[in-house]
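See below for the structure under consideration.
The values are calculated or read from the model by the stated rules, or taken from the named source; none is laboratory data. Source: prediction; values computed, not measured. Every residue, glycine among them, receives a Cβ derived from its backbone with ideal geometry; neighbour counts consider all protein chains shown. Quick note on the areas: whole protein, heavy atoms, side chains included, nothing else; ligands and nucleic acids left out. Shrake-Rupley method; radii C 1.70, N 1.55, O 1.52, S 1.80 Å.
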Amino acid sequence: EQPTEIKQCPVHGFFRGAECSCGNPGKFVLSSYKAEKLGKIISGALRHFPGDLGLAMDEQGWVRVDDLIRVIERKYPWARPYHVEAMFDTDNKGRYERKGDRVRARYGHSVGIKLDFPDADFDTLFYGTSEEEADRILEIGLKPVNQHYVHLSKSIEEAVKVACIRTEHPVIIAVDARRAQESGVRILDAGPVCLALQVPPGFIQIG
């Protein structure tokens, strides 16, 4: 859904789709094909292999925007700084966080980092999985597989959406987030999702 071509409205800036929310058709900036290419390298740089690209990342996952742009320009000589800015500005999933001259991914990391988001303030969070995995999770708890953190959804609908990427028969696990945190489980609010290093089995059940 994301790799739609990017345009720029003279009033509201970068947008994706046929026209801006104000109705302006906008000026062409980036094709959907190139937007997809940039999305993949940005995701890789900020989540998975910054070192392989020569990118310096601090322990909270931050990198300098200028350094990221240089990495991207080496990979794709057609890319310009405003293309990267357009990718950040039109991201509709809250993937990235900008602070001054730095940027980081909010979630999805496979590299070991220590994110400093505030503690989550939810009674219940949700995790979507397959029927095959659900029994195992109830036995051993939630633990990250290919990512550094377990990603928890804030609604059943979001959990279903995530699970349906992997299975046609999603099972939703409910996490007693309030009780887990009171017992010392750290759960961070990363915006679109919540993150935990793990959730023991005593705090989960089939939703």
Q.
Would you confirm whether or not the range 120-139 contains a residue that is within 17 Å of Arg47 (Cβ to Cβ), among the small types (Gly, Ala, Ser) and out of contact with any strand residue (DSSP E or B) (no Cβ under 6 Å at 6 or more places or on another chain)?
A. no
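So if I check each of Lys143, Lys114, Lys154, which one is out of contact with any Phe, Trp or Tyr (no Cβ under 9 Å at 6 or more places or on another chain), within 22 Å of Arg95 (Cβ to Cβ) and among the basic types (Lys, Arg)? Can you show your working first?
On the way: Lys143 fails: within 22 Å of Arg95 (Cβ to Cβ); Lys154 fails: out of contact with any Phe, Trp or Tyr (no Cβ under 9 Å at 6 or more places or on another chain).
Step by step, each of Lys143, Lys114, Lys154 is checked, and only Lys114 is out of contact with any Phe, Trp or Tyr (no Cβ under 9 Å at 6 or more places or on another chain), within 22 Å of Arg95 (Cβ to Cβ) and among the basic types (Lys, Arg).
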(Q) Can you pull out every residue in the range 156-197 that is surrounded by 12 or more Cβ atoms within 10 Å (Cβ to Cβ), of a type outside the set (A, V, I, L, M, F, W, C) and closer than 17 Å to Asp121 by Cα? (A) Asp176, Arg178, Arg179, Gln181, Arg186, Asp189, Gly191, Pro192
Q. What number of residues in the range 78-93 are within 15 Å of Asp66 (Cα to Cα) and open to solvent by 30 Å² or more (accessible area, probe 1.4 Å)?
A. 4
(Q) Six or more apart or on different chains, Cβ atoms under 6 Å: show the pairs whose first residue is in the range 18-30 and assigned to a loop (DSSP other than H, G, I, E, B) and whose second is surrounded by fewer than 12 Cβ atoms within 10 Å (Cβ to Cβ) and of a type outside the set (Phe, Trp, Tyr). (A) Glu19/Pro25
(Q) Return the residues of the range 35-47 that are of a type outside the set (A, V, I, L, M, F, W, C) and buried (at least 17 other Cβ atoms within 10 Å of the Cβ); say none if nothing qualifies. (A) Lys37, Gly44, Arg47
Q: Identify, by number, the condition in (1) at pLDDT below 95; (2) farther than 30 Å from Asp67 by Cβ; (3) open to solvent by less than 80 Å² (accessible area, probe 1.4 Å) that Glu131 doesn't meet.
A: (3)
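Which residue out of Gly108, Gly112, Gly141 is open to solvent by 40 Å² or more (accessible area, probe 1.4 Å) and of a type in the set (Gly, Ala, Ser)? If you could, list the steps in order and put the result at the bottom.
On the way: Gly108 fails: open to solvent by 40 Å² or more (accessible area, probe 1.4 Å); Gly141 fails: open to solvent by 40 Å² or more (accessible area, probe 1.4 Å).
Every option except Gly112 fails the conditions.
Could you tell me whether Pro25 is surrounded by fewer than 17 Cβ atoms within 10 Å (Cβ to Cβ) and more than 15 Å from the chain's Cα centre (by Cα)? Talk me through it step by step, then tell me what you get.
On the way: surrounded by fewer than 17 Cβ atoms within 10 Å (Cβ to Cβ): yes; more than 15 Å from the chain's Cα centre (by Cα): yes.
Spelling it out, Pro25 is indeed surrounded by fewer than 17 Cβ atoms within 10 Å (Cβ to Cβ) and more than 15 Å from the chain's Cα centre (by Cα).
Of all residues in the range 1-51, which are in contact with a Cys (Cβ under 7 Å, 6 or more places away or on another chain) and on the phi > 0 side of the Ramachandran plot?
Keep residues of the range 1-51 that are in contact with a Cys (Cβ under 7 Å, 6 or more places away or on another chain), which gives 9, 11-12, 15, 20, 22, 24, 26.
Across the range 1-51, the qualifying residue is only Gly26.
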Q: Would you mention how many residues in the range 39-97 are of a type outside the set (D, E, K, R) and assigned to a loop (DSSP other than H, G, I, E, B)?
A: 16
**Q.** Verdict on Gly54 being over 21 Å from Arg106 (Cβ atoms) and touching a Cys at 6+ places or on another chain (Cβ under 7 Å)
**A.** no
